[in-house]
Amino acid sequence: MFCHNCGMKVSTDANFCSNCGAGLKEELLQHEDEVLSGRSKSKSKKRTYLPFLPPVISLFLVSGLVGGYYNHEQNVNADVLTMKKEAEELALQGDYVKAKSELENALEIRPAYHVLRNNLEVVKIAEEAHIELDDVKTQIKEKQFEDAESNLARIREKIVRLDGPLIKPLKDEASETDVMIKVGKVNNELEQLKTVEELSRKLAVISAVPSEEGKAVKEQILNRIVQLSIEEAEVKIEQKQFTNAMTVADRALQYAVNDKRILALRDKIEQSRKDFEEAEFERIERAMEAAAKEDLKNKNAALEIVNLKVDEDEVGGMTIKGELKNIVKANVSSITVYYNILSKDKNVLDKGFTTAYPFKLEPGNIGKFEDYYYGVFEDVTVEIENITWVVEDR
């Protein structure tokens, strides 16, 4: 042992240094405390890291598990979203069965995904509405208009609060079906209306309907007014009541403004009046009677049918259009086309006629005729029965 003050060697049991008198026991105790303290600190440092090792290892393990689970869930979500998108595309294509199957499979994977459940309900509603709309259209064709209106109202109530690309076409189709019902009801009523006055009152009622919905109905009424006016005017022409015939035509033009059929009719009335005043009415009448007896298929030398087209609509209406050609070297005027409506068995269901336009056809020129026939709810054909005209002197 050495003295901490002077460095002299002293005995281990000495309390004071024999050279400088410094106390030795106190210093020794202090030195032992420092040594002990140092060991304690050293020991403490060695033990500091050991308790943290298990939590760190656990942390890494948990992080790995969480990361793996997260990636798995992300992949599952991606698959579910793909199935959802596929179902939406199938539904838009009208394949409701496959669309429902895709959504049900997705719900088995993600039962808590409420969007899938909502989409499934919308697809089911769309499928039901589509089927029911087809049933309503069948009822319209069968003239069951009250039932059709009631069922359409129920369909609209079912989809009114829904929206989206799947529902919008159904709403549009429902609106179109509503128009079909209105048109069908009016057409059904038209069969009971026999005068222009009655039709004009109905026209006033329809004019209050919004333009998009009332346009088709209004067109049907105007066509009927034109038909009745032509029929009435033709009778008056035959009776040589030319002033009354012109009054009928002018009244029709008040409703069907600039209608080509009525304008052609006015020309016919004027010409008939002129011919009568010039004492040529008998020649015109004989020419028309002779032409009426001739066969349409080229047994006459004046006119030739070059085109005939019949278009049926969904509410029992049928538009008859055609073209005819003047194949002689003289002017042909006062052309009237007569036609028959034939059943499947070729029985005559009804007859009709219309005035061709323009009123006068020069050699080689083509004229047109057009008429609208309503109340057809079976397969029919149209046959041109006869054409009458006047061949004018050069």
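The values are calculated or read from the model by the stated rules, or taken from the named source; none is laboratory data. Note that the structure is predicted; figures quoted are calculated from it, not measured. Here the Cβ is made from the backbone with ideal geometry for all residues, glycine too, and neighbour counts use every protein chain on show.
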Just the residues that are assigned to a helix (DSSP H, G or I), over 21 Å from Q220 (Cβ atoms), of a type in the set (A, V, I, L, M) and in contact (Cβ under 8 Å) with a residue 24 or more places away in the chain, please, taken from the range 135-168. I155, I159
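So is K84 assigned to a helix (DSSP H, G or I), at pLDDT below 90 and surrounded by 13 or more Cβ atoms within 10 Å (Cβ to Cβ) or not?
Yes: the conditions hold for K84.
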Of (1) touching a residue at least 12 places away in the same chain (Cβ under 8 Å); (2) within 29 Å of M318 (Cα to Cα), E198 satisfies every one except (1)
All but one of (1) surrounded by 18 or more Cβ atoms within 10 Å (Cβ to Cβ); (2) under 30 Å from I131 (Cα atoms) hold for A245, so report the exception by its number. (2)
Identify all residues within the range 118-134 that are without any contact (Cβ under 8 Å) to a residue 24 or more places away in the chain and over 17 Å from K85 (Cα atoms); write none if there are none. I131, E132, D134
Out of everything in the range 262-303 that is charged (D, E, K, R) and in a loop (DSSP other than H, G, I, E, B), what residue ends up being modelled with the highest pLDDT? E278
When you check G375 against the structure, is it in contact (Cβ under 8 Å) with a residue 40 or more places away in the chain, small (G, A, S) and not assigned by TED's automatic domain parsing to the domain that holds E270, yes or no? yes
Which one of L193, L263 is under 30 Å from V332 (Cα atoms) and either in contact (Cβ under 8 Å) with a residue 60 or more places away in the chain or of a type outside the set (S, T, N, Q) (or both)? L263
Residues of the range 317-342 being closer than 21 Å to D371 by Cβ, surrounded by fewer than 20 Cβ atoms within 10 Å (Cβ to Cβ) and modelled with pLDDT under 90, which ones? M318
So which residues in the range 106-129 are crowded, with 16+ Cβ neighbours inside 10 Å and under 21 Å from the mean Cα position of the chain (by Cα), if there are any at all? N119, V122, V123, I125, A126, E127, A129
Looking only at the range 169-179, decide whether some residue is crowded, with 17+ Cβ neighbours inside 10 Å, outside the structural domain of E232 (by TED's automatic domain parsing), of a type outside the set (D, E, K, R) and not in a helix (DSSP H, G or I). no
Please give the number of the condition I159 fails out of (1) among the β-branched types (V, I, T); (2) surrounded by 18 or more Cβ atoms within 10 Å (Cβ to Cβ); (3) out of contact with any Lys or Arg (no Cβ under 7 Å at 6 or more places or on another chain). (3)
Tally up the residues in the range 350-394 that are among the acidic types (D, E), under 19 Å from L324 (Cβ atoms) and over 37 Å from the mean Cα position of the chain (by Cα), please. 3
Name, by its number, the condition in (1) touching a helix residue (DSSP H, G or I) at 6+ places or on another chain (Cβ under 9 Å); (2) of a type in the set (D, E, K, R); (3) in a helix (DSSP H, G or I); (4) closer than 26 Å to N187 by Cβ that does not hold for R117. (4)
Cross-chain or 6+ apart pairs with Cβ under 8 Å, the range 103-117 first and assigned by TED's automatic domain parsing to the domain that holds E88, then among the acidic types (D, E): I109/D79
Can you tell me which of R251, R224, R283 is charged (D, E, K, R) and under 26 Å from N331 (Cβ atoms)? R283
